[in-house]
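Participant: Below: one structure in structure tokens.
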Amino acid sequence: MAGVAGRLARRWCRSAVPRPLKDLAICPNQETARQNYIDLVSSLSSSSESSSQMKPGTDREQQEYENLVVTSEDGITKIMFNRPARKNAISTQMYQEIMLALKAASKDDGTITVVTGNGDYYCSGNDLANFTDIPPGGVEEKAKQSAIMLRDFVDTFIDFPKPLIAVVNGPAVGISVTILGLFDAVYASDRATFHTPFSHLGLSPEGCASYTFPKIMGPAKATEMLIFGKKLTAGEACAQGLVTEVFPDSTFQKEVWTRLKAYSKLPPNSMRISKQVIRNMEKEKLHAVNAEESSVLQERWLSDECINATMNFLSKRSKL
């Protein structure tokens, strides 16, 4: 861990010393930078390890997943994010598990597939601890690997053949928000919020949001959210077309699942074919947008702006 942290700290120091990071005294010299980064990584890793030790449920269908609970009942396959101690932040392993779960759901007997979160949050987006696991090829190789994984992840949502419904039980951040444009319906509790703080982290949109959000809510509202980082309430997200319907939190689960059980009794082939007709004209465009967004993000992850913003974020977080 120390060797990896040291390599990344040196790379970050070289790129950032002449810039704002120096003024923040995050990287005054290599040794200090290395120690700062090692301390940050250690604190993040210890948190990640404690959360990853959470036992999966006892249901037979969940045993292959450490970060998800996957169940099938009444024609509904439910994929639930299950890292409540980390606000359901998506780790690298969790990305892989979500892709596996969706691929399995696309072939199972379920009529519809539902994605939701366990605990207070729907999902807090990327787990920034993902960026502390640097391969021998360095940060450039890490950025390349991450871009490939992101592209594959979003492609899985684009190609999903059945009705895909998000049940947003609480705050949603980052990629958990951007991919909502690829769902067929989004139901939200009135305590849910939707936040895409890309510019704050020196990043750019993903999940096809650069294409789907302007189509859904119009260019001006999409810009306010994707570029300026405006956080939407559930009511605002519904008014702008990102959310299908909002329910009072006190009755959210009961009302939504009653509706979903009714949907699951509809003829499955008819729903699949209808989705195919609706989405087929868009698929090629969505795949192209996803490829472009992933390529741009690969560059952004290596930029001084992103590096400085991430170090600032991690430094503040380590002091909480």
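Participant: Antiparallel versus total DSSP beta bridges in the range 129-258: what percent is that, nearest 5?
Facilitator: 20
Participant: Only loop residues by DSSP count here, and only those with at most 12 other Cβ atoms within 10 Å; note down the trypsin sites (Lys or Arg not before Pro) in the range 132-239 that meet that.
Facilitator: Counting only loop positions with at most 12 other Cβ atoms within 10 Å, none of the trypsin sites (Lys or Arg not before Pro) in the range 132-239 qualifies.
Participant: Something else: Below 12 Å, Cα to Cα, which aspartates and glutamates can residue 316 reach? Residues fewer than 8 away in the same chain don't count.
Facilitator: Partners within reach: none.
Participant: What does the C-alpha gyration tensor say about the overall shape of the range 169-301? Classify as rounded when a/c is under 1.5, otherwise prolate if a/b is larger than b/c, or oblate.
Facilitator: Because a/c hits 1.5 or more and a/b fails to exceed b/c, the range 169-301 counts as oblate.
Participant: Here's something else I'd like to know. How big is the range 220-272 by Rg and Dmax over its Cα atoms, in Å?
Facilitator: 15.4, 42
Participant: Still on this model: Around residue 68, which amide H atoms from residues at least 5 apart in sequence, or from another chain, sit under 5 Å from its own amide H, with H modelled in the peptide plane?
Facilitator: Those qualifying (amide H under 5 Å, at least 5 residues apart or on another chain) are 82.
Participant: Do any chymotrypsin sites (Phe, Trp or Tyr not before Pro) in the range 170-241 lie in a DSSP loop with no more than 14 other beta carbon atoms within 10 Å, and if so, which?
Facilitator: Details: sites: 183, 187, 194, 198, 211, 228; in loops: 183, 198, 228.
Passing both the DSSP loop test and the Cβ count: 228.
Participant: Given a cut-off of 21 Å, what percent of all Cα-Cα pairs of the range 115-212 lie beyond it?
Facilitator: For the range 115-212, the fraction of Cα-Cα distances above 21 Å is 38 percent.
Participant: With both partners inside the range 57-162, how many of the DSSP beta bridges are antiparallel, as a percent to the nearest 5?
Facilitator: Expressed as a percentage, antiparallel bridges in the range 57-162 total about 45.
Participant: Here is a further query. Per 5 Å bin from zero, what fraction in whole % of the C-alpha pairs of the range 54-161 is there, up to the bin with the longest pair?
Facilitator: 2, 12, 20, 23, 19, 13, 7, 3, 1, 0
Participant: Roughly how many Å² of residue 232 are accessible to a 1.4 Å probe, to the nearest 10?
Facilitator: Surface accessible to solvent at residue 232 totals approximately 0 Å².
Participant: When the distances between all Cα atoms of the range 162-233 are binned every 10 Å from zero, what whole-number percent does each bin get?
Facilitator: 21, 56, 22, 1
Participant: Across the range 236-316, how large is the tail of the calculated P(r) beyond 15 Å, expressed as a percent of all Cα pairs? Before the final figure, lay out each step's value.
Facilitator: Values: 2535 of 3240 pairs.
So the pairs more than 15 Å apart make up 78 percent of the total in the range 236-316.
The values are calculated or read from the model by the stated rules, or taken from the named source; none is laboratory data. Everything numeric in this text was worked out from a predicted model, so none of it was measured. So basically every Cβ, Gly included, is an ideal-geometry build from the backbone, and we count neighbours across all protein chains shown. Areas reflect the complete protein model, heavy atoms only, side chains present, ligands, DNA and RNA absent. Shrake-Rupley method; radii C 1.70, N 1.55, O 1.52, S 1.80 Å.
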